[in-house]
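Take a look at the structure below.
Nothing in this text is a laboratory measurement; each read-out follows from the coordinates by a stated rule. Only a predicted model underlies this, so the values are computations on that prediction, with no experimental measurement involved. Note that we place each Cβ from the backbone using ideal geometry, even for glycine, and neighbour counts take in every protein chain shown.
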Amino acid sequence: MELLSALSLGELALSFSRVPLFPVFDLSYFIVSILYLKYEPGAVELSRRHPLASWLCAMLHCFGSYILADLLLGEPLIDYFSNNSSVLLASAVWYLIFFCPLDLFYKCVCFLPVKLIFVAMKEVVRVRKIAVGIHHAHHHYHHGWFVMIATGWVKGSGVALMSKFEQLLRGVWKPETNEILHMSFRPAGSPCPKPALPSSSPCSWCPVRCS
């Protein structure tokens, strides 16, 4: 405990929680999310034949967790798309990854040391989204622990949960893949629900600005 006090980890966590995600962390999140889309078989061909469908798939990869969380909490599904700056930034990343001449942008962000930095920053965004989702659910259901857990899970793994719908936009159907049966992200192993869930009542353990 003395070591923790000397390191001031509580103050460090509080300061870090106040760091804005936009634009640097959000940019990393969008880059990694759309990279995963480009890795999907047929995604490049789809972007050439049907760019609108490709763009919609990219937006689902970037904002799928927000859409599902709004669905769970009975809020407008397109509410997050009113954030023009984020939508424009995600659209710019989609365009550069799929249409940049000579694939220069794609090659740069796929360079392993650079990609590792982006992936680490993406996980920071994931943790922040989980905490914000739990606090958001707490405002609607003050004692609904299962609702808070479900909302945090959706915030952390919304893209995978919407993969079926995203595949349909690409004209692909894979019934053997199911996020419920084969979870890519498990709530029990996530780094944030453990401290964030108890904090949803006193709002002090995991302080996060709801943005």
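Taking the Cβ of Ala43 as the centre, find all other residues whose Cβ is under 13 Å away and add up their charges (Lys, Arg: +1; Asp, Glu: -1). Here the count lands on +1. Computed from backbone phi with θ = phi - 60° and the Karplus coefficients 6.51, -1.76 and 1.60, the 3J(HN,Hα) list for the stretch 137-148 is 5, 5, 5, 8, 10, 5, 10, x, 4, 5, 5, 5 Hz; x is used for glycine and proline. Pairs of Cα atoms nearer than 8 Å and 6+ residues apart set the relative contact order; for the stretch 21-199 it is 28 percent.
With a Förster radius of 22 Å applied to the beta-carbon distance between Phe146 and Leu71, the computed FRET efficiency rounds to 0.85. Take the Cα of Tyr95, step 7 Å toward its Cβ, do the same at Cys110, and the gap between the two points is 2.2 nm. Taking a sphere under 15 Å around the Cβ of Gly171 and counting the other residues whose Cβ falls inside, with K and R at +1 and D and E at -1, yields a net charge of +2. For the pair the stretch 78-119 and the stretch 126-166, the centres of their Cα atoms are 24 angstrom apart. The length gained by stretching the chain between Asn83 and Val172 to full extension, at 0.36 nm per residue less their Cα-Cα distance, is 29.1 nm.
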